[in-house]
Amino acid sequence: MPVLFFLLLPTVLLISHQIGQICGRFGLPAITGYLITGVISGPWVFGLLSERGLLSFKAVDKLCLACVALSAGSEMHLQEIRKTIVAVGTIAMFISISSWIFVCAAVMLLESQVEFMQGMSWKEQLCVASMAGTIMVTRSPATAIAVLKEVDGRGPFCSLTLNVVILKDIVVIILYALNLEGVKFAEKGLDATNEPHFAVLKAIAHPFYAVICSILLGATWGFAFMPIVRAGRQSLHIPAFLLDPRMKCIATLLMATGCFYSALLASWEPLLACVIMGLYAANAKDTPNPQADREALEHVLRSLMPLINVTFFTLIGASLNLGAIAKTLHIAVCIVVVRLVALMVGAGLGSKVAGCPPTQVQVAWLAYVTQAGVALGLIKSLAEHEPVWGPPFASLMTAVVVCNCLVGPPMFKYAIIKVGEAHRGVGSERPAVEGKTPPGVTP
């Protein structure tokens, strides 16, 4: 019963939070603990969280998605990116292209092994493969920051890596939006030889129209969000009760949800709109003290996101179809391996072209393995958008993300130590690596 679901959910979330903390002590992302708790408490194991209850909680999923996207956008600080724009853009481009090509090709080659792709037209199969390739471009800024804090990573390699990670996640959400529109186009089955020219042109132009409108909508909501961020610091005409930190968190939730649903109702891209809302709020210039605004936004999100993360990722774990994962586990492992090869190629070439030292070029790919919040958010969104093949696709891709989530942090940690930028823990005594620093990157 949904009533029992609502009664049990707070207890499950509390346990999930504790398991996430335990995972953190072993050097694993807390998200791993949340997913494990969700799987164990879900309908496939103990059944504490029923399938019917999960379906009735979809509105909360959307609320969490909105906040995850808002947080992702807020992590991009344009002033810092500008300092390293050439190196960051070069590496991000090479990694994105290689990851998409390798994974897309792998999924197309493996389509005979993927049950939910049977019976699809080649256009639909290409859309599925392209979506898989797009999701595999994502990285986890939160996990990268956690690893950097753990080893006190400081230097040109760490600075460059973090900027690439943040930029890639913004780019991938735009690519996801275009892919989603492409899926709609393929499902309509328009034939350019039989359809009127106007209908074909309209169908081709709509993805770009939806993306542009989503960006404008997100910027508008970001502008409207700024008084909440600044509340308490400037003499604005805001009721006193809104100055309470808890009320600011609630107001942020409502604003993010409003942005998400307004884009959804307009048939635009809600995740992209929320990302732009966060990006605008973190980089607004129409204020005498932008740095204070950014710090205020970070304070609100630091208070809000732990609850959002534990709820969102526990529910994702509970909704995973273990039977579907078991059937496609070998395919998930293949995708993980192919993505690692793509990262070796893309990060290696990108770092070399960007002028990084040879030592950094050799280990650059190790810094971009981990996936987490944004990837799972996109997967969850797609599962809701495509009720037929979306859920089995989500199970397959979640298995891939979990694998990357487990192996990624230790690999990034090793890379930081290898280049001599770890100032705490094993290898912290290593001297800084000498060599040419990419343009704009400061130690």
message: I'd like to know if the range 271-288 contains one or more residues that are outside any helix (DSSP H, G or I), among the charged types (D, E, K, R) and surrounded by 22 or more Cβ atoms within 10 Å (Cβ to Cβ).
response: no
Output for Cβ contacts, cut-off 6 Å, separation at least six or different chains, first residue free of Cβ contacts under 8 Å to residues at least 12 places away in the same chain in the range 338-364, second part of a helix (DSSP H, G or I), reads LYS352/VAL361
Report task. State whether the residues of the range 277-298 include one that is modelled with pLDDT of 85 or more, of a type in the set (Val, Ile, Thr) and over 30 Å from VAL114 (Cα atoms). Result -> no
Worksheet item: Is it true that some residue in the range 402-422 is closer than 30 Å to ALA273 by Cα, modelled with pLDDT of 80 or more and β-branched (Val, Ile, Thr)?
Response: yes
By residue number, the members of the range 230-254 that are modelled with pLDDT of 85 or more and either among the hydroxyl-bearing types (Ser, Thr, Tyr) or surrounded by 22 or more Cβ atoms within 10 Å (Cβ to Cβ) (or both) are THR252
For the range 250-262, pairs from a residue that is farther than 19 Å from ASN309 by Cβ to a residue that is at pLDDT below 95 and not in a helix (DSSP H, G or I), with Cβ under 9 Å and 6 or more apart or across chains, are ALA251/ALA231; SER262/TRP268
Across (1) surrounded by fewer than 18 Cβ atoms within 10 Å (Cβ to Cβ); (2) at pLDDT below 90; (3) of a type in the set (Val, Ile, Thr), VAL337 clears everything bar (2)
The correct count of residues that are hydrophobic (A, V, I, L, M, F, W, C), crowded, with 19+ Cβ neighbours inside 10 Å, over 29 Å from LEU320 (Cα atoms) and touching a Gly at 6+ places or on another chain (Cβ under 7 Å) in the range 52-92 is 2
Pairing a residue in the range 2-29 that is under 14 Å from PHE46 (Cβ atoms) with any residue that is loosely packed, with under 13 Cβ neighbours inside 10 Å and at pLDDT 80 or above, where Cβ atoms lie under 7 Å and the two sit 6 or more apart in sequence or on different chains, gives none
Considering the range 144-159, residues that are surrounded by fewer than 24 Cβ atoms within 10 Å (Cβ to Cβ) and of a type in the set (Val, Ile, Thr), and then whichever is nearest to the chain's Cα centre (by Cα), we arrive at ILE145
For the structure I just gave you, tell me whether ALA177 is in a helix (DSSP H, G or I), within 18 Å of ALA394 (Cβ to Cβ) and out of contact with any Ser or Thr (no Cβ under 9 Å at 6 or more places or on another chain).
no
When every residue in the range 137-171 that is free of Cβ contacts under 8 Å to residues at least 40 places away in the same chain and not β-branched (Val, Ile, Thr) is compared, the one farthest from PHE102 (Cα to Cα) is LYS149
Filtering the range 24-42 down to residues that are in a helix (DSSP H, G or I) and surrounded by fewer than 18 Cβ atoms within 10 Å (Cβ to Cβ) yields GLY24, ARG25
How many residues of the range 41-59 are under 13 Å from GLU384 (Cα atoms), aliphatic (A, V, I, L, M) and touching a residue at least 12 places away in the same chain (Cβ under 8 Å)? The answer is 1
### Query
Of the residues that make up the range 370-378, is at least one surrounded by 24 or more Cβ atoms within 10 Å (Cβ to Cβ) and at pLDDT 90 or above?
no
**Report entry** LEU322 vs. criteria within 30 Å of ILE228 (Cβ to Cβ) and at pLDDT below 90
**Finding:** no
Residues of the range 126-160 being at pLDDT below 85, among the polar types (S, T, N, Q) and assigned to a loop (DSSP other than H, G, I, E, B), in sequence order, are SER140
Q. Taking PRO387, is it surrounded by fewer than 23 Cβ atoms within 10 Å (Cβ to Cβ) and at pLDDT 85 or above?
A. no
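The values are calculated or read from the model by the stated rules, or taken from the named source; none is laboratory data. Keep in mind that what you see is a predicted model, and the values were worked out from it rather than measured. Heads up, the Cβs are rebuilt from the backbone with ideal geometry, glycines too, and the neighbour counts pull from every protein chain shown.
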